[in-house]
Amino acid sequence: MEMRCRCGDTCIRPISEALKDIELFYKPCKDCKTEKIKKFSPLAEQINLDEIDNDFGSCKCGKRHLDIVMSHVLKIMINEGIKDKKANLRNSCIPLVTPGYLTDSVPYLPKGSLVILSDKVDKKCAERIITEVREVRGVLKGDIRKTVGIKDSDSNPHVYELLAGCDLRCDIVQTPYGALGIYKYQREIHIEFPQVKSPKIEILEKALKDYDKPTVLDCTCGPGTLGIACLKANAQKVVFNDIWSPAIEITLINLEANGFPVKFSGSEKGLIASGDKFEVYNMDVRELTNYLDEKFDICIIDTFPGVDTIEFVEAGEKLGKKVVVV
């Protein structure tokens, strides 16, 4: 399977490459600069906005402190009338670094390592940000309080709007079975911030300990994180499923990127793709019984926050010996 980004560029690469020297990716060099910017104080009262450009706070290594980058973004938002001159870094927009990797200090960003999310930005402002701020690769419009995707077959999907650039990100997820890289088109897949220990991975690890080589059904797989972790944990077989087509699209990319080659079935319904020890479906979990005639050792259910899981659990119990809600 060819791993090509929607934007046409070579944004997607094997995770083994993304993990190489990841510990140094956001580290400053000895010459990197910083500015003591108070996040809750108006930016315009701390810095002359006219001085902020790509040279402001820059270093020969090509990185800039996150606060400097966000100051550059905020300056443009103020210039475009999106924010007033009392705006501060805290209420400017949401920075989403890529790769998403937990660091012990504020990151220094190289070129193309940031996607930003704002519920106020417009297309003209977004295009200026992409053109003028080298670290920003994509600008999304949306409310972070609203989860993107689709809850169930009875719901309408919710997505953010990509105003400029490319919104593909990669999150590095630590598991007991090795680090995973999970790509996401952030306009369509829910945001998750890096953690030392993912609660979902911890629940999964506990469930897997009861088996040697389990068969696993990931009913609501999203971008494929938990199912890929199961493959890394040497599961005998993993079936990925999600009703949200963009989730399946990115799951296939993540399987390939994490070292599990994908073969398409040629069908748009039922079995979409497969590979060594895995299959991928795109349908309502309640319809899976029409396609799967086996009982899995573990059935994983990972729904939207606040969603009633009763129907999902009932469907999972028909297909799995043990239902794990994460």
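The values are calculated or read from the model by the stated rules, or taken from the named source; none is laboratory data. Since we're looking at a predicted model, the values are computed, not measured. We place every Cβ from the backbone using ideal geometry, glycine too, and count neighbours over all the protein chains shown.
Figures for the structure shown
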item: Which listed residue, of Thr289, Thr303, is within 19 Å of Thr215 (Cα to Cα) and modelled with pLDDT under 95; result: Thr289
item: The range 223-234, residues that are among the small types (Gly, Ala, Ser) and surrounded by 24 or more Cβ atoms within 10 Å (Cβ to Cβ); result: Gly224, Gly227, Ala229
item: Glu135 vs. criteria surrounded by 15 or more Cβ atoms within 10 Å (Cβ to Cβ), touching a strand residue (DSSP E or B) at 6+ places or on another chain (Cβ under 6 Å), assigned by TED's automatic domain parsing to the domain that holds Asn54 and within 16 Å of Ile52 (Cβ to Cβ); result: yes
item: Qualifying residue in the range 78-87 (condition: surrounded by fewer than 20 Cβ atoms within 10 Å (Cβ to Cβ) and touching a Gly at 6+ places or on another chain (Cβ under 9 Å)); result: no
item: Among the residues listed as Gly112, Gly138, the single one being of a type outside the set (A, V, I, L, M, F, W, C), part of a strand (DSSP E or B) and either closer than 26 Å to Thr34 by Cβ or without any contact (Cβ under 8 Å) to a residue 24 or more places away in the chain (or both); result: Gly138
item: Inter-residue pairs, beta-carbon under 7 Å, first without any contact (Cβ under 8 Å) to a residue 24 or more places away in the chain and in the range 282-304, second surrounded by fewer than 20 Cβ atoms within 10 Å (Cβ to Cβ) and outside any strand (DSSP E or B), 6+ apart; result: Tyr291/Gly270
item: Of all residues in the range 20-38 being hydrophobic (A, V, I, L, M, F, W, C) and over 17 Å from Leu114 (Cα atoms), the one that is surrounded by the fewest Cβ atoms within 10 Å (Cβ to Cβ); result: Cys29
item: Leu255 out of contact with any helix residue (DSSP H, G or I) (no Cβ under 7 Å at 6 or more places or on another chain), surrounded by 21 or more Cβ atoms within 10 Å (Cβ to Cβ) and farther than 16 Å from Lys322 by Cβ; result: no
item: Restricting the range 187-218 to residues that are surrounded by 23 or more Cβ atoms within 10 Å (Cβ to Cβ) and in contact with a Leu (Cβ under 6 Å, 6 or more places away or on another chain), the residue that is farthest from Asn254 (Cα to Cα); result: Leu204
item: Scope the range 176-203; condition farther than 22 Å from Val148 by Cα and among the small types (Gly, Ala, Ser); matching residues; result: Gly178, Ala179
item: Hits in the range 154-173 (condition: at pLDDT 95 or above and assigned to a loop (DSSP other than H, G, I, E, B)); result: Val159, Tyr160, Cys166, Asp167
item: Output for the range 287-326, where each listed residue is in a strand (DSSP E or B) and not charged (D, E, K, R); result: Phe296, Ile298, Cys299, Ile300, Ile301, Gly320, Val323, Val324, Val325
item: Filtered residues of the range 13-60 (kept if in contact with a strand residue (DSSP E or B) (Cβ under 6 Å, 6 or more places away or on another chain) and among the hydrophobic types (A, V, I, L, M, F, W, C)); result: Ile15, Ala18, Cys32
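Yes or no, residue by residue, for (1) farther than 28 Å from Ile191 by Cβ; (2) polar (S, T, N, Q):
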position: Ala44; (1), (2): yes, no
position: Ile47; (1), (2): yes, no
position: Asn54; (1), (2): no, yes
position: Gly57; (1), (2): no, no
position: Leu74; (1), (2): no, no
position: Ile78; (1), (2): no, no
position: Ile82; (1), (2): no, no
position: Arg90; (1), (2): no, no
position: Thr98; (1), (2): no, yes
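Table: residues versus (1) in a loop (DSSP other than H, G, I, E, B); (2) of a type in the set (Val, Ile, Thr); (3) in contact with a His (Cβ under 7 Å, 6 or more places away or on another chain); (4) closer than 27 Å to Ile201 by Cβ.
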residue	(1), (2), (3), (4)
Asp67	no, no, no, no
Val73	no, yes, no, no
Ile78	no, yes, no, no
Lys85	yes, no, no, no
Leu102	yes, no, no, yes
Lys124	no, no, no, no
Arg134	yes, no, no, no
Asp152	yes, no, no, yes
